[in-house]
Amino acid sequence: MSDQYAVIGNPVEHSLSPAIHAEFGRATGEDIAYGRILAPLDGFRTAALRFRDEGGRGLNITLPFKPEAWRLADSHSAGALVAGAVNALKFEGGRIAGHNTDGIGLARDLKDNLGCTVRGGRVLLMGAGGASYGVMEPLLRELPQSVVVANRTVEKAKALIGHFAKLASDLRVGRFTWLPYDRLTNDSFDIVINATSASLKDGMPPLPREVFAPGALAYDMVYGRDTPFMTFAAGCGARAADGLGMLVEQAAESFFIWRGVRPATGPVIRLLRQKGKRIKAKGGP
Ligand code: ATR
């Protein structure tokens, strides 16, 4: 029988992870089967352990179960520890290892697929929820010149900056701070990342037009269609990208953690774009 993996969430039917991992398996010759598990909102632990006890080798975790996946893990990778979040579990010999692959996914998509130089660049990160925590460490490790966080609820932006301040200082990121949206008018950025969930409701943060430097990249972690943020950014002259590449890259990192084999991502991204999946979801499996 093939080695069993799955994505677990509620809802989960939108997830593209089964299609992505099926392609990875085909391309690498790894004998895997990857399904989806709809767990009741109060039934994550039971469903995850049942899957493990029936021989499952690993899980990707999507909303709303990431905090519970953190608690289920016996150990946490360095990336999961610093993000404070888990989106992949590996079952190995009675132990459960927790990983976070979202941030690596974003960094790889920016660099490898979009040809965007983060090093030395000015980055604006919108949002201060789980998605922002998940991507901050790999983003800082790319050594941008500055990272500014904007969030509707200012206290959460402050907390995010506080959480990563030491790392940013150790990495000598020159400017690492937060600003309210209405104070962004004096700044411009090379990379503007939307890690809010506004796009899921066809909204966008109150972003001034001035934030986009010439040649800026506007990146929305939501995938599956142009979002109001992407349309706005394109209207301001920026290059707009959705989060499909991040999704495929985080899946490739999960595959590598489970199988020790790194699948090619470009063909899968192209395939999903051709299929034109009209699915709207954010940041993760
Ligand atoms: P996730 O895990 O996806 O980050 P979350 O923890 O609920 O989800 O965080 C959602 C983020 O999107 C928050 O930063 C939220 O801003 P607040 O902290 O002020 O709530 C942000 N967000 C959601 N809708 C938004 C909107 N319409 N405009 C601006 N920010 C929005």
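The values are calculated or read from the model by the stated rules, or taken from the named source; none is laboratory data. For clarity, every value in this text was computed on a predicted model and none was experimentally measured. In this analysis, Cβ positions are derived from the backbone assuming ideal geometry, glycine residues included, and neighbour counts consider all displayed protein chains. Protein only, heavy atoms only, side chains kept; ligands, DNA and RNA dropped before computing areas. Shrake-Rupley method; radii C 1.70, N 1.55, O 1.52, S 1.80 Å.
Of the three principal axes defined by the Cα atoms of segment 153-226, the extents in descending order read 37, 26, 23 Å. For segment 177-199 versus segment 100-142, the spacing of their alpha-carbon centroids is 14 Å. Show log10 I(q)/I(0) for segment 25-135 at q = 0.13, 0.15, 0.19, 0.23 Å⁻¹, two decimals, from a solvent-free Debye sum over equal Cα scatterers. With no solvent term, the Cα-only Debye profile gives -0.59, -0.76, -1.06, -1.29.
By its C-alpha gyration tensor, with a ≥ b ≥ c as the square roots of the eigenvalues, how is segment 103-242 shaped: rounded for a/c under 1.5, else prolate for a/b larger than b/c, else oblate?
On the way: a/c = 1.38, a/b = 1.20, b/c = 1.14.
Because its axes are fairly even, with a/c under 1.5, segment 103-242 counts as rounded.
Which shape class applies to segment 134-179: rounded if a/c is under 1.5, otherwise prolate when a/b exceeds b/c and oblate if not, where a ≥ b ≥ c are the square roots of the Cα gyration tensor eigenvalues? Verdict is prolate for segment 134-179. In terms of accessible area, using a 1.4 Å probe and ignoring ligands and nucleic acids, Asp182, Asp31 rank largest first as Asp182, Asp31. Using a probe radius of 1.4 Å on heavy atoms only, what accessible surface per residue do you get for the chain? Whole Å² is fine. Ligands and nucleic acids excluded, the result is 43 Å² per residue. Here the chain has 49 percent of its accessible surface on carbon and sulfur atoms, given a 1.4 Å probe and all protein chains in place. Between Met1 and Ala19, the contour length at 0.36 nm per residue exceeds the alpha carbon distance by 4.6 nm. The percentage of C-alpha pairs in segment 65-128 whose separation is greater than 15 Å is 59%. Here the Karplus relation 6.51 cos²θ - 1.76 cosθ + 1.60, evaluated at θ = phi - 60°, turns the backbone of segment 233-247 into coupling constants of 4, 4, x, 8, x, 7, 8, 10, 9, 8, x, 5, x, 4, 4 Hz, with x for every Gly and Pro.
Along its first, second and third principal axes, ordered by size, the chain spans 59, 40, 32 Å in Cα coordinates. Between Arg26 and Glu54, the modelled labels are 2.5 nm apart [label points 7 Å from Cα along Cα→Cβ]. Amide hydrogen proximity for Thr101: with H placed 1.01 Å from N in the peptide plane, the residues at 5 or more positions away or on another chain lying under 5 Å are Asn87, Ala88. Across segment 103-242, the relative contact order, built from alpha-carbon pairs under 8 Å that are at least six residues apart, equals 21 percent.
Over the chain, Cα pairs under 8 Å with separation of 6+ residues give a relative contact order of 17 percent.
With contacts taken as Cα pairs under 8 Å and at least 6 residues apart, segment 165-218 reaches a relative contact order of 42 percent.
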